[in-house]
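The values are calculated or read from the model by the stated rules, or taken from the named source; none is laboratory data. Fair warning: this is a prediction, and the values are worked out from it, not measured in the lab. Don't worry about glycine lacking a Cβ; one is built from the backbone with ideal geometry, like all the others, and counts go over all protein chains shown. Only protein heavy atoms, including side chains, enter the accessible area calculation; ligands, DNA and RNA are left aside. Shrake-Rupley method; radii C 1.70, N 1.55, O 1.52, S 1.80 Å.
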Amino acid sequence: GTQTVDVKWPSGPIRYFINERDIAAVSAADLRAAVARAASTWQAVPGTTIRFEDQGFTTAAPTGLDGRNTLGFLDRPELDRVLGATSLLLDASTGALVEADVFFNTRFAWSAAPGGEAGRVDLESVVLHELG
């Protein structure tokens, strides 16, 4: 309609899953650690009340409407300039985020090393961007 609503996470912790797919140079456990570091960065922002809660690994891809927030790698050759992206499902009347899935494009050379690696995309930085 004509009403504008702010998009926001519902109250309480934001529960998320990590897809268990490994890629070259980055395991699912590495992705999980990078997401945890990025989530900690957001949680440390003064005045914020946002909290993230890791729910473990899943075989579900970071796509589709399954009621869970999933982060993982997908091969998206048609998006050869896109490092990653977030798909959102919103409650149009309240603006509450119902679900958010984040994919990281396997077409890029990723690094999950704290502080990054030369010649590779820093996964933690991209996670930080997508969570924000």
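Of all residues in the stretch 53-64, those being open to solvent by 30 Å² or more (accessible area, probe 1.4 Å) and not in a strand (DSSP E or B) number 4. Do you know which of the residues in the stretch 65-101 that are open to solvent by less than 50 Å² (accessible area, probe 1.4 Å) and not hydrophobic (A, V, I, L, M, F, W, C) is nearest to VAL121 (Cα to Cα)? Ranking the candidates gives GLY84 first. Applying the criterion of being assigned to a loop (DSSP other than H, G, I, E, B) and touching a strand residue (DSSP E or B) at 6+ places or on another chain (Cβ under 6 Å) to the residues of the stretch 68-77, the residue that is nearest to PRO13 (Cα to Cα) is ARG68. Scanning for something polar (S, T, N, Q) and more than 18 Å from THR70 (Cα to Cα), does the stretch 8-25 turn up at least one residue? Within the stretch 8-25, one or more residues are polar (S, T, N, Q) and more than 18 Å from THR70 (Cα to Cα). All told, SER27 meets the bar of being of a type in the set (Gly, Ala, Ser) and either under 16 Å from VAL127 (Cα atoms) or in contact with a His (Cβ under 6 Å, 6 or more places away or on another chain) (or both). So, of the residues in the stretch 78-132 that are hydrophobic (A, V, I, L, M, F, W, C) and part of a loop (DSSP other than H, G, I, E, B), which turns out to be nearest to ILE18 (Cα to Cα)? Filtering the stretch 78-132 for residues that are hydrophobic (A, V, I, L, M, F, W, C) and part of a loop (DSSP other than H, G, I, E, B), the one nearest to ILE18 (Cα to Cα) comes out as ALA112.
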